Amino acid sequence: MHKRILVVDDEIDICTYLKDALEYESHEVDVAKTGDEALDKLDQTSFDAVLIDIRLETQTSGVDVIKRCRELPSRPSIIVVSATPERLLRPIFDREGISSSIETFLEKPADIKPDVIVRRVNTVLSKRG
């Protein structure tokens, strides 16, 4: 299952780790270190999935990127990657109206293991067909 994935995280080590794990599974992976860079890449290329840190240390937030993804014709699947537990982020997702756009959640550091990453991403991608 060869898919295009965008990894968005302001921590370069996390970007590299996620990219390596997903490329090992034969996915084509691009990386953005800022929200603005992610928006540029989304405007230029169609992605099947976006793995995004919700709390980017940049002016354009993860929430902004997710909202933009919803406007795209190809609407990539969204996988949130965050050190903040999902239960604490869920009220923010609800308030911002993006809860229904998020397919799954990877919590740092507990879920940042190659087998967990690959399994979750492949499960989300398999729903796309």
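Beta bridges per DSSP, both residues in the chain: antiparallel share near 0 percent. When a/c is below 1.5 the answer is rounded, else prolate if a/b is larger than b/c, else oblate, so apply that to the range 5-66 with a ≥ b ≥ c taken from the square roots of the Cα gyration tensor eigenvalues. The shape class here is oblate. Only protein heavy atoms count here; on that basis, with a 1.4 Å probe, D20 has an accessible area of about 90 Å². Using the 1.4 Å probe convention, the accessible area of the chain works out to 50 Å² per residue with neighbouring protein chains retained.
Shape summary: the range 62-128 maps onto an equivalent ellipsoid whose semi-axes, from the alpha-carbon gyration tensor, are 19, 17, 9 Å in decreasing order. Within the listed set A83, A32, A110, the Gaussian network model of the chain (springs between alpha-carbon atoms below 10 Å) gives the highest mean-square fluctuation for A110. All other residues whose Cβ lies under 9 angstrom from that of K33 are scored, Lys and Arg at +1 and Asp and Glu at -1, for a net of -4.
Above 27 Å, the calculated P(r) of the chain contains 7 percent of its Cα-Cα pairs. Approximating the spin labels as points 7 Å out from Cα along Cα→Cβ, the L72-to-I112 distance works out to 2.3 nm.
The values are calculated or read from the model by the stated rules, or taken from the named source; none is laboratory data. Everything quoted here is computed from the prediction, not taken from an experiment. Glycine gets a Cβ as well: all are built from the backbone with ideal geometry, and neighbour counts include every protein chain shown. Accessible surface areas use protein heavy atoms only, side chains included; no ligands, DNA or RNA. Shrake-Rupley method; radii C 1.70, N 1.55, O 1.52, S 1.80 Å.
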